[in-house]
Amino acid sequence: MKHERHVVAVQWPGLHSLKAAREAIDSGDEVEIELPVGTHYMLYRHFHPDDNGAAAEQLDAAGGAEILEALAAIKGLEELARLEPPVKRARYRVQLTSPEPMLRLAPPAKRRR
C-alpha cells in the first residue's frame, strides 16, 4: 500500500507540537511549524549576527538538522532540539522563513527510476 504524503501543521509552542511533529516525520509527512510572530527579530539576529542594519526584513535559511540546532539556542525554542535526531535519521530538509516565522520539515524527494 502506497503512503500518501500529507502536510502536518502545528503551532509552537503547543502541548502536542513536538509529539505531532515527530509522528509526522516517522510517517514520512511534511511538517509546518508556525513559530511565534514575536520571535522574528531574534531569529534574524541569530542567523545574521553581523548585520547591523536596522531593518530585519526577510529571513530564509535552509539546510538539515543544523537549522534546528541553531534554533534550539534561542530562548523559547530549546525544545526544537528534540527534533534533530528524527530529522537526521529521516534525512529531512529544514527551511526557516520569516517575518511570519515558519519552519518547514520536508522529507527527501523520492528518486525516479
Taking a label point 7 Å from the Cα of GLN58 along the Cα→Cβ vector, which residues of the stretch 21-47 have an amide N closer than 19 Å to it?
40-47
Using a Förster distance of 41 Å, how high is the FRET efficiency between SER27 and HIS48, based on the Cβ-Cβ distance and rounded to 0.05?
0.75
Additional length obtainable on full extension of the chain from ALA73 to GLU34, 0.36 nm per residue less Cα span
12.3 nm
Can you give the local net charge around THR39? Use residues other than it whose beta-carbon is closer than 14 angstrom to its beta-carbon, Lys and Arg +1, Asp and Glu -1.
-2
Cα long-axis angle, helix 17-27 against the chain (0 to 90 degrees, to the nearest 10)
40 degrees
If all Cα-Cα distances of the chain are sorted into 5 Å bins from 0 onward, what percent lands in each bin, rounded to whole numbers?
2, 12, 23, 25, 17, 10, 6, 3, 1, 0, 0
Mean ellipticity per residue at 222 nm, deg cm²/dmol - from DSSP H runs of n ≥ 4 across the chain, formula -39500 (n - 2.57):
-8000 deg cm²/dmol
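Bear in mind these aren't lab numbers, they're just calculated from the coordinates by the rules spelled out. Model, not experiment: these values are computed from the prediction. FYI the Cβ positions are ideal-geometry reconstructions off the backbone, even for glycines, and counts take in every protein chain you see.
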